[in-house]
Amino acid sequence: MHAGMLTDGALCAMFESAEDFVHRRVLTPGGEIGLYFIDGLVSGSEISEFVLRPLVECLTSSTPEKMAAQALGGIVYHAQASEVTSLDDAAMRLVNGFALALFAPGVAVAFETKTGEKRSPSAPQVENTVKGAKDAFTETVRTNTSLLRRHLRTPDLRLRQYIVGRQSLTNVTVVWVEGVTDPELVRRVQDRVAGINVDGLLSPAVVEESLTGSRKTAFPLLIFTERTDKFATGLLEGRVGILVDGLPPGNLLPVDLSRMMTSPEDRGMGYVTASCVRVLRYLALMAALLLPGLYLAMAVFHQEMLPPQLLRSIIESKQDVPFPTVLELIAMLVAFELLQEAGLHLPQAIGQSVSIIGGLVVGSAAVEAKLVSPAALIIVAVAGICGFCLPEREFANAIRVWRFILTLCAALAGLFGLTAGFLLLLIQLAELRSCGVPYLSPFSAGRTEGKLVRKRFKEEKTG
């Protein structure tokens, strides 16, 4: 922050060598004033028509204070106009798309003249939807709040704005529904946002680390979403939302395992269909996590547990493969991850080509060349496809990490190592908290929540 009095020289010195900073002196009937704005953040036509023209034609007062009062009183045709007295406030207004009229040292008025250049709401690009809303968040926080208001028209929707980042000065808005969200949770999230001390809030990873701390786990402690309907549903469930200016995804917390395994599309199905899909999703989670390690433990350490025909097929497919099963399976997992990363970072058309070439041509050629066995290729492919069934991509990425860990545990000690690794995973999940909410909720906290509800009911009844 910059200390000092609001003067022409102080403003020009603050934005020295900034080519987009525009400063001009304007002669009005009441005297000479200074007009300041940043080119690109403001609309030049609005400044000319609705700020400069009224000031030049209608400003008749003789003293700076009276001129400022006259400008605030209505001669400038703007809905948002505010008095500015400090240098820091003036700089903040300028970088947020305001035009500043300086009448005298310490006497100024800021008018909102933001440019209309921004990305319009479009359909979600990452989170595909069939029956859900087709409007996704953009990089402009005020556009995002207006989209949210269209889904939740209740006057109980609360928005609290903070300025975060010593250099980026990012607008962070905390969103919740009064009467639905726990006030203690709202207070805790607001304290965390107000306590963020970073130079810039420019990426989702910085947002997550600033809100949840430097977590020693691969599992996410908040949800990123670009879908407005999913964000609104989270608010109605009692969660707190965070919108960051410049970043399209909205953030929701706290989160738990059941929320990670729930898709917004479930609300568009009948309860029977949604329940069946939910069960399939949990089965896919277990397959994506345990299938490679289970195959490795059975094929190497516990062959007597396999049916004879299945064991014979695995042995025949491995006869001409020169590599051991452990190295073969881990290499296939690494190759699958490399193909997935290549398809993610390349342009869409090229990424699809790489996935097709890598999955079909290279995989088939490796099997025909006897470099890998068909069984190992099928196991890795099935585990990868099951991972794609998980609704939350950050959660699916954590499952990818633990898939490697459990596969290495199975390579070291078979089913005993796989079981020990899985128990270690459960212990870590049981210890995780997202804003005080257990990560395995409602499975691990159902009784506790029931006791709290009964206790609150008794207190209300006796009170």
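The values are calculated or read from the model by the stated rules, or taken from the named source; none is laboratory data. Since the structure is predicted, the reported quantities are computational estimates derived from the model, not experimental observations. Cβ atoms come from the backbone with ideal geometry, glycine included; neighbour counts cover every protein chain shown.
The set of residues in the stretch 32-66 that are part of a strand (DSSP E or B) and touching a residue at least 40 places away in the same chain (Cβ under 8 Å) comprises Ile33, Gly34, Leu35, Tyr36, Phe37, Ile38, Val42. Of the helices (runs of 4 or more DSSP H) entirely within the stretch 233-345, those holding at least 1 residues that are without any contact (Cβ under 8 Å) to a residue 40 or more places away in the chain and within 30 Å of Arg433 (Cα to Cα) occupy 257-260, 271-300, 325-345. Restricting Val126, Val109, Val130 to those that are modelled with pLDDT of 85 or more and either within 24 Å of Val240 (Cα to Cα) or not small (Gly, Ala, Ser) (or both) reduces the list to Val109. The numbered conditions (1) over 30 Å from Glu431 (Cβ atoms); (2) more than 16 Å from the chain's Cα centre (by Cα); (3) free of Cβ contacts under 8 Å to residues at least 60 places away in the same chain; (4) in the same structural domain as Lys230 (by TED's automatic domain parsing) are all true for Leu202 except (2).
Across the stretch 71-81, what is the number of residues that are touching a residue at least 24 places away in the same chain (Cβ under 8 Å) and either surrounded by 14 or more Cβ atoms within 10 Å (Cβ to Cβ) or part of a helix (DSSP H, G or I) (or both)? The total comes to 5.
Condition check ((1) closer than 17 Å to Phe395 by Cα; (2) surrounded by fewer than 21 Cβ atoms within 10 Å (Cβ to Cβ); (3) within 16 Å of the chain's Cα centre (by Cα); (4) among the aromatic types (Phe, Trp, Tyr)) across all residues:
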| position | (1), (2), (3), (4) |
| --- | --- |
| Ser210 | no, yes, yes, no |
| Phe224 | yes, yes, yes, yes |
| Gly238 | no, yes, no, no |
| Leu243 | no, no, yes, no |
| Thr262 | yes, yes, no, no |
| Gln303 | no, yes, no, no |
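Does the stretch 100-149 hold any residues that are among the basic types (Lys, Arg) and exposed (fewer than 13 other Cβ atoms within 10 Å of the Cβ), and which are they? Listed by number, the residues that qualify are Lys118, Arg119, Lys131, Lys134. Do we have any residue at all in the stretch 414-435 that's modelled with pLDDT under 90, more than 28 Å from the chain's Cα centre (by Cα) and surrounded by 12 or more Cβ atoms within 10 Å (Cβ to Cβ)? The answer is yes, given that some residue of the stretch 414-435 is modelled with pLDDT under 90, more than 28 Å from the chain's Cα centre (by Cα) and surrounded by 12 or more Cβ atoms within 10 Å (Cβ to Cβ).
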